[in-house]
Amino acid sequence: MTMQTPPPATPLIPETAPFSAEQRAWLNGFFAGLLSLDPGATPAPPGAVSLPAQQAAGDDGEAPWHDPAMALEERMKLAEGRPLRRRMMAAMAQQDCGQCGYNCQDYSDAIAEQAEPRLNLCVPGGKATARMLKTLVEEMGGGVLDPDEQAAKEAAKLPKSDDDRPGRSRENPVDAVFVCKRRLNAPASEKVTNHVEIDLSASGLDYEVGDSLGVYAANAPALVDQIIATINVPPDFPIADKPLRDVLIEDTALAPAPDTLFELISYLTGGERRQKARALAKGDDPDGDAETLDVLAALQKFPGIHPDPEAFIESLEPLQPRLYSISSSPKAEPGRVCLTVDAVRYTIANRQREGVASTFLDGRIAPGARLKVYVQKAHGFALPADAATPIIMVGPGTGVAPFRAFLQERRATTAPGPAWLFFGHQRRATDFFYEDELADLQGAGTLTKLSLAWSRDGEKKVYVQDKMREEAAELFTWLERGAHFYVCGDAQRMAKDVETALVDIIALCGKASPADAQAYVAALRKCGRYQTDVY
Ligand SMILES: Cc1cc2nc3c(=O)[nH]c(=O)nc-3n(C[C@H](O)[C@H](O)[C@H](O)COP(=O)(O)OP(=O)(O)OC[C@H]3O[C@@H](n4cnc5c(N)ncnc54)[C@H](O)[C@@H]3O)c2cc1C
Ligand SMILES: NC(=O)c1ccc[n+]([C@@H]2O[C@H](COP(=O)([O-])OP(=O)(O)OC[C@H]3O[C@@H](n4cnc5c(N)ncnc54)[C@H](OP(=O)(O)O)[C@@H]3O)[C@@H](O)[C@H]2O)c1
């Protein structure tokens with residue numbers, strides 16, 4: 001006779017959670033079992049950092065600042081009085097986006113353990129996060145250990161990623177071949193979003209739907225040439241045997257201008273200009289333009305500065321890879337990976353600024369050329385194990401990317417589970433990505449329902465969450481039938497608004513109080529039925 005784990009005295013799964021009595025009893029037992037193995041602890045994710053007992057004690061509970069929509073000041077306020085590593089975590093952008101090669105907590109733990117000296121890896125947090133980390137590391141007494149000690153620490157306990165095989169981490173990219181790109185918007189659109197195809201066959205790299213691809217891009221040569229002309233140095237000046245121009249194109253970040261560049265400028269000028277450069281290096285904004293200063297604009301703000309080329313390169317940050325949600329299934333497109341990339345372009349002070357990687361993929365790489373890539377494994381963003389489970393996917397704009405992959409996978413495996421996609425963008429006539437493919441998937445029965453939200457077609461903006469509210473009763477029925485709920489795209493506003501709509505729908509259709517509706521969503525999240533891929 002088998003004996004079931006008894007449910008804990010205080011049930012861990014709320015009565016309002018979206019489970020049958022039997023499922024609730026099993027989950028209560030499951031979580032109780034987990035917790036009883038190590039009272040007070042939650043299971044550590046792979047690659048998690050083990051902390052000294054005195055650091056971990058009593059402070060591994062809630063991280064109330066873990067909300068990507070919360071401002072840095074508010075996050076730091078919530079973390080006041082907590083140990084340094086927790087305040088370091090609060091300084092991160094809270095997206096758990098994986099661009100740094102960790103999640104927010106593991107990155108902060110690694111810095112606190114002095115095993116990670118790089119304080120500039122949090123891409124969405126940008127300079128504000130890097131500055132806050134610098135302050136906290138100074139509070140700790142410095143983050144740089146003796147190099148031997150550091151190497152020993154790194155080797156002993158802090159793998160930079162779960163997997164050190166080629167192509168599995170930002171530290172170890174492989175060569176792939178750029179095949180082609182195709183614009184997904186009609187010519188009249190305000191957007192340029194490309195479907196990008198990359199050949200992985202020679203690399204041997206594989207992936208699963210839900211994963212992201214890390215791409216190493218190169219800066220625009222025209223921008224680099226302007227920088228070289230501004231500092232007035234020869235483009236072929238050797239920097240460790242590589243011409244300066246190539247170093248600027250391939251290895252350095254040219255936006256935003258780092259604090260260290262302003263420090264360098266402050267040494268090369270005097271008087272009021274020196275005070276301004278010093279203020280900018282400290283994060284102050286003497287002229288109200290600090291946010292707009294990329295490397296070129298910073299040099300132009302202090303005309304006549306001619307830094308030594310080596311010192312100039314040293315003052316810049318390394319160019320980081322960019323992540324893109326994979327929009328193909330290897331079962332549908334073997335040896336190939338597809339991305340859905342919005343080209344970032346905007347104008348400041350009459351100069352067009354270009355996002356590095358998105359415009360590299362939009363035109364600076366030719367079909368057949370090689371590029372360095374790696375697969376960033378998804379942690380908790382995947383199709384349900386049971387192919388019959390219904391899925392609800394909310395992905396406006398480029399957020400549709402992983403859902404194209406999910407649908408391709410479900411079609412290739414003839415999965416019987418119903419699928420509902422909420423897609424939205426500016427205008428139906430110009431921004432309906434993958435329209436034909438989605439119609440085809442509907443025809444094949446893979447995509448059961450498609451709800452569309454066009455934000456600029458009418459007088460009033462219509463967003464995906466408005467369509468969810470319109471279809472509240474049916475959406476709630478899907479949830480009650482066990483559907484998994486997915487969100488991909490903008491972390492700052494959209495994902496938050498979608499969650500609010502979901503809570504409202506559950507409260508309305510489940511006749512629940514707001515607190516119970518929130519508990520329902522929390523329970524969905526806890527058991528892996530609410531998954532996000534947001535950036
Ligand atoms: C897990 C994950 C998945 C992602 N998936 C996708 C995806 O599927 N598709 C996709 O397109 N992107 C995706 N992204 C975002 C992507 O990684 C890049 O951040 C994006 O392409 C911009 O990179 P870039 O190098 O082109 O621009 P960057 O050189 O990084 O420049 C972007 C920066 O420019 C500034 N900026 C942008 N617009 C403006 C403006 N209007 N005014 C002033 N400043 C501005 C902001 O500081 C912004 O951070 C994903 C990110 C993550 C973390
Ligand atoms: N955190 C970030 O830095 C961040 C986040 C997301 C995307 N991006 C970048 O922005 C670029 C474009 O993103 P994208 O192509 O995915 O499209 P997008 O510009 O995010 O817009 C997609 C659709 O979402 C609508 N939208 C705006 N606010 C919303 C909200 N609060 N709730 C629901 N929908 C909302 C937009 O409407 P309107 O525009 O008409 O209002 C549009 O119809 C990419 O380069 C991406 O990397 C950056």
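The residue pairs whose first member lies in the range 471-491 and is at negative phi, whose second member is charged (D, E, K, R), and whose beta carbons are closer than 6 Å, counting only pairs six or more residues apart or on different chains, are HIS484/ARG529; CYS488/ASP533.
Of the listed requirements (1) closer than 18 Å to ASP284 by Cβ; (2) of a type in the set (Ser, Thr, Tyr); (3) open to solvent by less than 10 Å² (accessible area, probe 1.4 Å), THR135 misses just one: (3).
Taking the range 393-415 as the search range and keeping residues that are within 13 Å of ligand 2 (Cβ to nearest atom) and assigned to a loop (DSSP other than H, G, I, E, B), which one is nearest to GLY482 (Cα to Cα)? Steps first, answer last, please.
Applying the first criterion (within 13 Å of ligand 2 (Cβ to nearest atom)) to the range 393-415 yields 394-403.
From what is left, the residues that are assigned to a loop (DSSP other than H, G, I, E, B) are 395-396.
Values: GLY395: 20, PRO396: 23 Å.
That would be GLY395.
Which one is farthest from ligand 1 (Cβ to nearest atom) among residues in the range 258-281 that are of a type outside the set (Asp, Glu) and within 16 Å of THR129 (Cβ to Cβ)? Across the range 258-281, the extreme among qualifying residues is THR260.
Open to solvent by less than 30 Å² (accessible area, probe 1.4 Å) and in contact (Cβ under 8 Å) with a residue 12 or more places away in the chain: which single residue out of ALA357, ALA366 fits that description?
Details: ALA366 fails: open to solvent by less than 30 Å² (accessible area, probe 1.4 Å).
Going through ALA357, ALA366 in turn, the sole match is ALA357.
The set of residues from the range 458-468 being without any contact (Cβ under 8 Å) to a residue 60 or more places away in the chain and open to solvent by 90 Å² or more (accessible area, probe 1.4 Å) comprises GLU459, LYS460, LYS461. Would you call LYS372 under 15 Å from ILE227 (Cβ atoms), basic (Lys, Arg) and out of contact with any Cys (no Cβ under 6 Å at 6 or more places or on another chain)? No: the conditions fail for LYS372. Picking from residues in the range 272-305 that are part of a loop (DSSP other than H, G, I, E, B), under 28 Å from the mean Cα position of the chain (by Cα) and not charged (D, E, K, R), the one that is farthest from ligand 2 (Cβ to nearest atom) is GLY283. Listed by first and then second residue, the pairs with beta-carbon distance under 9 Å, at least 6 apart or on different chains, first residue in the range 110-130 and over 21 Å from TYR535 (Cβ atoms) and within 13 Å of ligand 2 (Cβ to nearest atom), second open to solvent by 10 Å² or more (accessible area, probe 1.4 Å) and among the aliphatic types (A, V, I, L, M), form an empty list. Pairs linking a residue in the range 406-425 that is more than 17 Å from ASP211 (Cβ to Cβ) to a residue that is at pLDDT 95 or above and among the acidic types (Asp, Glu), with Cβ atoms under 8 Å and 6 or more positions apart or on different chains, are ALA415/GLU409; GLY417/ASP386; HIS425/ASP431. Annotation: of all residues in the range 363-374 being hydrophobic (A, V, I, L, M, F, W, C) and within 14 Å of ligand 1 (Cβ to nearest atom), the one that is nearest to TRP420 (Cα to Cα) is VAL373. Is it the case that PHE476 is touching a Cys at 6+ places or on another chain (Cβ under 8 Å) and not small (Gly, Ala, Ser)? For PHE476, the condition - touching a Cys at 6+ places or on another chain (Cβ under 8 Å) and not small (Gly, Ala, Ser) - is met.
Quick grid of which residues meet (1) closer than 27 Å to GLU474 by Cβ; (2) near ligand 1 (Cβ under 9 Å from one of its atoms); (3) touching a Leu at 6+ places or on another chain (Cβ under 8 Å):
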site: ILE348; (1), (2), (3): no, yes, no
site: SER358; (1), (2), (3): no, yes, no
site: LEU361; (1), (2), (3): no, yes, yes
site: GLN376; (1), (2), (3): no, yes, yes
site: HIS379; (1), (2), (3): no, no, no
site: ASP386; (1), (2), (3): yes, no, no
site: PHE403; (1), (2), (3): yes, no, yes
site: LEU407; (1), (2), (3): yes, no, yes
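Give the range 58-94 a look and list any residue that's touching a Pro at 6+ places or on another chain (Cβ under 7 Å) and crowded, with 22+ Cβ neighbours inside 10 Å, or say none. Within the range 58-94, ALA93, GLN94 qualify.
When you scan the range 193-208, do you find a residue that is hydrophobic (A, V, I, L, M, F, W, C), in contact with a Cys (Cβ under 8 Å, 6 or more places away or on another chain) and surrounded by 15 or more Cβ atoms within 10 Å (Cβ to Cβ), even just one? Don't jump to the end; show me each part of the working.
Within the range 193-208, the first condition is being hydrophobic (A, V, I, L, M, F, W, C), and the residues that meet it are 196, 198, 200, 202, 205.
Filter once more, keeping what is in contact with a Cys (Cβ under 8 Å, 6 or more places away or on another chain): 196, 198.
Now drop any that are not surrounded by 15 or more Cβ atoms within 10 Å (Cβ to Cβ), which leaves 196, 198.
Looking through the range 193-208, at least one residue is hydrophobic (A, V, I, L, M, F, W, C), in contact with a Cys (Cβ under 8 Å, 6 or more places away or on another chain) and surrounded by 15 or more Cβ atoms within 10 Å (Cβ to Cβ).
If we scan the range 286-294, do we find a residue that is surrounded by fewer than 21 Cβ atoms within 10 Å (Cβ to Cβ), β-branched (Val, Ile, Thr) and away from ligand 1 (no atom under 11 Å from the Cβ)? No - not one qualifying residue is present in the range 286-294.
The values are calculated or read from the model by the stated rules, or taken from the named source; none is laboratory data. What you see is a predicted model; the values in this text were computed from it and never measured. Please note: Cβ atoms are built from the backbone with ideal geometry, for glycine as well, and neighbour counts cover all protein chains shown. Areas reflect the complete protein model, heavy atoms only, side chains present, ligands, DNA and RNA absent. Shrake-Rupley method; radii C 1.70, N 1.55, O 1.52, S 1.80 Å.
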